[in-house]
1. Kindly flag which residue pairs out of LYS91/LYS449; LYS166/LYS589; LYS132/LYS239; LYS156/LYS422 have an alpha-carbon separation exceeding 29 Å in this structure.
2. Aspartates and glutamates near LYS66 by alpha-carbon distance under 18 Å, same-chain residues fewer than 8 away left out - which ones?
3. For SER84 and GLU283, compute 0.36 nm times the residue count separating them, minus their Cα-Cα distance, and round to one decimal in nm.
4. Along its three principal axes, how long is the range 574-640 when you only count alpha carbons? Whole Å, largest extent first please.
5. If each DSSP helix of 4+ residues adds -39,500 (n - 2.57) and the sum is divided by the residues in the chain, what number results at 222 nm, nearest 500 deg cm²/dmol?
6. Roughly speaking, what is the stretch gain from GLU107 to ARG656, that is 0.36 nm per residue apart minus the C-alpha to C-alpha distance, in nm to one decimal?
7. Calculate, axis by axis, the spread of Cα positions in the chain along the three principal axes, and write the results as whole Å, longest axis first.
8. Counting only protein heavy atoms and using a 1.4 Å probe, what share of the accessible area of the range 167-488 belongs to carbon plus sulfur, as a whole percent?
Amino acid sequence: MKNFLPVFCFLILSACCHAQAGYHLWLNYNYINNPTLSKQYRELTSAVYLPGHSPTLDAVRYELNKAIPAMLGSNVLYTRDIRSAGVIFTKNLSEKSDQVPCSLPFEALNEEGYFIRYCGASGKPKIIIGAKSDIGLLYGAFGLLRMMQLHFAPQKMNTTTSPAVKLRLLNHWDNLNRTVERGYAGFSIWNWHTLPEYRDPRYTDYARANASIGINGTVLTNVNANATVLTREWLLKVKTLADLFRPYGIKVYLTARFSAPIEIGKLKTADPLSDSVKNWWKEKVREIYALIPDFGGFLVKANSEGQPGPQDYNRSHADGANMLADALAPHGGIVMWRAFVYRPDITDRFRAAYDEFKPLDGKFRDNVLIQVKNGPIDFQPREPFSPLFGAMPQTNMMMEFQITQEYVGQATHLFFVAPWYKEVLDADTYAKGKGSTVSKVVDGSLYGKTLTGVAGVSNIGNDINWCGHPFAQANWYAFGRLAWNATLPAGEIAEEWIKQTLTHESLAVQRIKHIMLHSTEALINYMTPIGLTHIMQDGHHYGPMPWGNSFQRADWNPVYYHRADTNGIGFDRTEKGSNALSQYFTEVKQLFENPATCPDEYLLWFHRVPWHHKMKSGRTVWEELCYRYYTGVDSVRSFIKLWRSVEKWIQPAIYRQVSDLLERQLYEALWWRDACILYFQTFSKMPIPKPYEAPKQTLEYFKNLKINYAPGHW
Ligand code: GCV
């Protein structure tokens, strides 16, 4: 005992420091300080029935053994007798069985879905978790633990849920040297150097966190790809990760550099129609599947931003994607081919992806998905939905969201992605009349597709709290929850995350939720209101630079996007301009093309208007810009006040970190506001309306504020 005490204290302390630092994410499993509830939970979990063993069912045991003692202070006991069990995991219990006299909705589930049922009909009350597969049971276990962390009364534990989308993937933009493109949370968690031997326990924690929110795949490497990862030495490292993730239902995918046959295969060409190239990929894929039998497939960025691709050989995107798809098909693998392309000869970058991909509709193999970015330009704070959604009925289309905050505050701003994603998912494409939402394209229901997917560019790094900003964890969480069920309200997701991660105190929950839900619009207001876009500094994209005009290539310059001069501001995408609006279905086109019906939020995306143009708000464009920039800053001030008011309910380390970061956010919001207002004022030539405070610095001062070493830019 004497010897045990220091060890015990060390364990407690390190668990507590990790918790304080946010390592455990939303899987904190805090002690439930409610005697009635914990008594009920204890009774149920004192006899758990699990049907046998498999790596996935063992992962269920592992999770229960971790969570229950922490939440209830009691051990989980397992039983083989269904009758005496309080919690039953089952893949086949018949509802007619006298063991469980409750209706069990197996038929409503898909392969990954689960139900949780409280069954109190007779005898000992039970919670039944049903699924058609082991992985469904694991998701059900996490569902149960979530409900417990949210303090659901057992009688209220009733849900039947299946993921609407088949592939729910993280895309890591992690380089093999462990730098992370657009990563703001340290270096890559893949410690390639010590793999395959060292199986960092963090890999399992990564899998647990992902499985807990239904993520079922991960692309390990950057889309700006390095062919080295396809060599045998590196595939062995990938295999180790795949083996660790498998019990958690997570498949591994890699980015395929199109020129790999030349770079590591010693071929003279990567032409997708060349037999030697086709054979090289077939052999490479065979080698991968021999090591990783459930390998997911490839993600490809081709002929975009300098990446090689089929167009280097005068072949089409379809030729390139299909060649890889043919190599993968016999093994059940897929290709995710990105639509993020914008050739230098285009007149409007907005149009680029649609113009290249729409003519290829119907030309891709069945195991190809076209991965379309959220936004026709590039993950900007607010973009209209990409017109490609709904426009390719004969092609599998998937959505690419950015979780990492490249254009939305990076490591320093509190910005909640759920309202951002939902705005796009809920947008109506009108592809098949009213109600043809982006979400229905993505989940396949609009055109009857079964190979469907959502990808999120990961915000994970080796920082102790995984994501850098404590609230960036909520974005990983929200991505997973929405990929599973896009109809979940943003507020519900925020509340779930707050209660599992920060506090249950209702006043604090209410205030933090307010901050989260308003953070999205606040940032848009102080960065790029009413349809301004891509006015960040070049390269690292950190801080404002609306005056940027140094690149030869026009569409890399902020001035290309806002087109401000003394006559007005905005990008004309109507018939009189680039006519990008013609890419949308009629109803959407009509809504946006008329400045009188175009929502104020999108005005400058589609119209070039004089400074005196009247917005729907009744303000002129200039007044509206000022109003939004100043309101954005005021919102951050209000977040600081609200956050201060919850101090006593938050772990001190997390409280402090968020507090300091909010101060930094205010500083940067002011920087954005003043730099942009002063710059646009040189064209509007109008005063900043009263009672707004005057900027404290000059435009020259802001033009000289150059950030040299921002993270995520290598
Ligand atoms: C991975 C933007 C980012 C790049 C990124 C690219 C892409 O341009 O700034 O870092 O490259 O998008 O999505 O391919």
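1. Over 29 Å apart, Cα to Cα: LYS166/LYS589.
2. By straight Cα distance, LYS66 reaches GLU43, ASP58, ASP205.
3. Taking 0.36 nm per residue and subtracting the Cα distance, the gain is 66.3 nm.
4. Here the spans come out as 43, 25, 18 Å, largest first.
5. -12000 deg cm²/dmol
6. Full-extension gain reported as 192.8 nm.
7. 79, 68, 55
8. 49
The values are calculated or read from the model by the stated rules, or taken from the named source; none is laboratory data. Computed from a prediction, not measured in an experiment: that's the story for all the values here. We place every Cβ from the backbone using ideal geometry, glycine too, and count neighbours over all the protein chains shown. Side chains included, ligands, DNA and RNA excluded: accessible areas come from the protein's heavy atoms. Shrake-Rupley method; radii C 1.70, N 1.55, O 1.52, S 1.80 Å.
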